[in-house]
1. Quickly run through segment B:103-162 and pick out the residues that are closer than 17 Å to residue A:133 by Cα, in contact with a Ser or Thr (Cβ under 6 Å, 6 or more places away or on another chain) and within 8 Å of chain A (Cβ to nearest Cβ).
2. Quick check: anything in segment A:51-63 touching a helix residue (DSSP H, G or I) at 6+ places or on another chain (Cβ under 7 Å) and more than 28 Å from residue A:113 (Cβ to Cβ)?
3. Just wondering, is there one or more residues in segment B:85-92 that are in a loop (DSSP other than H, G, I, E, B), crowded, with 18+ Cβ neighbours inside 10 Å and more than 9 Å from chain A (Cβ to nearest Cβ)?
4. Here are some conditions: (1) more than 11 Å from every other protein chain (Cβ to nearest Cβ); (2) modelled with pLDDT of 95 or more; (3) in a helix (DSSP H, G or I). Residue A:82 meets all but one. Which one does it not meet?
5. Please enumerate the residues belonging to segment A:242-257 that are β-branched (Val, Ile, Thr) and under 17 Å from the mean Cα position of the chain (by Cα).
6. If I go through segment B:155-164 residue by residue, how many of them are more than 19 Å from residue B:75 (Cβ to Cβ) and surrounded by fewer than 24 Cβ atoms within 10 Å (Cβ to Cβ)?
7. Here is a list: B:208, B:163, B:157. Which entry is over 19 Å from the mean Cα position of the chain (by Cα), closer than 20 Å to residue B:350 by Cβ and among the aliphatic types (A, V, I, L, M)?
8. Going by the conditions given, is residue B:20 modelled with pLDDT of 90 or more and not in a helix (DSSP H, G or I)?
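The values are calculated or read from the model by the stated rules, or taken from the named source; none is laboratory data. All figures in this text were calculated on a predicted structure; none of them were measured in a lab. Here the Cβ is made from the backbone with ideal geometry for all residues, glycine too, and neighbour counts use every protein chain on show.
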2 protein chains.
Amino acid sequence: MNRGAPVKSTAPDTTAVRELLEEGRALTTPALRAAVDRLAPPMDTVAAYHFGWIDADGRPAEADGGKAVRPALAVLSAEAAGATPAVGVPGAVAVELVHNFSLLHDDLMDGDEQRRHRDTVWKVHGPAHAILVGDALFALAGEILLTEGGEHAARAARRLASATRRLIDGQARDISFEHREMVGVEECLRMEGDKTGALLACAASIGAVLGGADDRTADALEAYGHDLGLAFQAVDDLLGIWGDPRSTGKQTWSDLRRRKKSLPVVAAVAADNAAARRLTALLTADAKKSPAEFQDFDEAEFAERAGLIEEAGGREWTEAEARRRHVAALAAIEDLSMPDRVRERFRALADFVVIRER
Amino acid sequence: MNRGAPVKSTAPDTTAVRELLEEGRALTTPALRAAVDRLAPPMDTVAAYHFGWIDADGRPAEADGGKAVRPALAVLSAEAAGATPAVGVPGAVAVELVHNFSLLHDDLMDGDEQRRHRDTVWKVHGPAHAILVGDALFALAGEILLTEGGEHAARAARRLASATRRLIDGQARDISFEHREMVGVEECLRMEGDKTGALLACAASIGAVLGGADDRTADALEAYGHDLGLAFQAVDDLLGIWGDPRSTGKQTWSDLRRRKKSLPVVAAVAADNAAARRLTALLTADAKKSPAEFQDFDEAEFAERAGLIEEAGGREWTEAEARRRHVAALAAIEDLSMPDRVRERFRALADFVVIRER
């Protein structure tokens, strides 16, 4: 039996992860490019820019196309069910298309001008193209999965459609939270489970589903992905406040500037101590300010809020939450039989997600 | 053998169409409402507003939710394949969800403030909700079809995904045409075949596919829907220039204000006569104007362009095109065996699409 060790005591095996991500990309990218080539001009060009295959002037580029954790998981999950990695590829492509559809729309809705250190699609090609190309990638996802996914494609497509709807539901609640004075910890976790957990859960099981895995196997892999998603999001929430702009590619205090009710914030407010009460008073006053007044805040004012969140225990709670989810993710698959090499890769990926970039 | 008579000589049987559309709505609306109820707040409310079930303040309403031609077709196509109308319902709901997803995004991209004589969703609930709720309806479409569509759901979902991608491709080209000086007639017809024909083709065959129809039947019904879509779009293009704002709910000369390269325009420009040459000179000069200069045009300037389009023969050509597609739609299904009542309904619907609102 493999018990997930607490993340702090595990030195993350970055070589294993790098190999795994590279193999996933090598298997998936040609299929992803072939899928995007099906789009009519000018959408094929806009999509190629988004994926980092060309620059804003249309010249070939090799920009950062993201870590591609989801395709790697999809391929790995096929192996977990005893199928070849190739069986997972249509699932990997479909999940990556859905993920990028959501990025295109989110960047536009959030007004984010940068992603992976490059201008976002709406900034370069305009809002209409960000909407349309996002829509097209979503449509392509279903098409690829259903035409190339083999005999179990319908079951996989059903799971992907439902994960996508949860992703959108989560994103809608995340945005609505920005306009609310306060949000509870449970409510925030449910939102993050939908926004981030649902698609990672689908990625971590879709290859197995395409390989004909039974429900027990698919559900265990899904549970792994869901917890991995929550760990990932907890780390993302920490980076959204304390991340180094040079590695995140975002502004300092980026989530605070947007009044995001992320985990460190809601956990801090829920604490019973003096810092929590001072924080709550500040945030209640902030909620009444217009976006323009809020934009005028200087660094010191955001630093004060970040300091109170930390003092109230929000940072520590979120770090512990990431570790809890890491343990839960590994526990979810400990009773599944799979080759040791595959299990080690699931573990290395989980370690990587929790430790990355900090 | 039933040969489609030219539309001018057919008095459209509006009672038959009204019955057909009402039956389609009666069968489909409860399933559509149940689907929309799956959305998390506030998206369920935004979607309910879009469908006309509630007003902007959330009070129950019975606003015009559209003619619902697509659900009626989906249900009818199940009957054409010898299945019960109920077999077509998951397809009807899925197609109607995709249609409304595209309306939500199109209204935002086009900046349209009114649809069916009510404020559009982005105008009432903001752009982010128009994007998100559109996305959610699209995801729901796949979910409903794959969970409730029965044993042939995957085949139907594959066709729907590919029709949706063509719809998006068509919409992208339609927008790109607005920024081009001129567009050819063939190019315009291909764009309209994707933008409008693909989803109507899917609607007209999806019930049959769910009912297990063979490829010949499904393809013939698809061809009917595709030609019906082109007829529909030709009429829409006529209304976009000469339609009465009181019945279309749009501005006068609405397509001209947007420099749309619709069928009457491209057909007029392609003609070999003096009016065509004067029109081409005017439109070439227009293409160089900024949107602001163009907005300053008065009614007389648009009327002049509309007059030249008519004089060059663009209006007449488009009217003839609608009739040609009407005949082709009916011819596509004349060799399929189906009950007379069902065939009459396909005919009545085609008549209705060509004759409506003029």
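1. The answer is B:139, and nothing else.
2. Among the residues of segment A:51-63, not one is touching a helix residue (DSSP H, G or I) at 6+ places or on another chain (Cβ under 7 Å) and more than 28 Å from residue A:113 (Cβ to Cβ), which makes the answer no.
3. No, segment B:85-92 contains no residue that is in a loop (DSSP other than H, G, I, E, B), crowded, with 18+ Cβ neighbours inside 10 Å and more than 9 Å from chain A (Cβ to nearest Cβ).
4. Exception for residue A:82: condition (3).
5. If the condition is that a residue be β-branched (Val, Ile, Thr) and under 17 Å from the mean Cα position of the chain (by Cα), then A:248 is the only one that fits.
6. Result for segment B:155-164: 2.
7. Matching residue, one of B:208, B:163, B:157: B:208.
8. no
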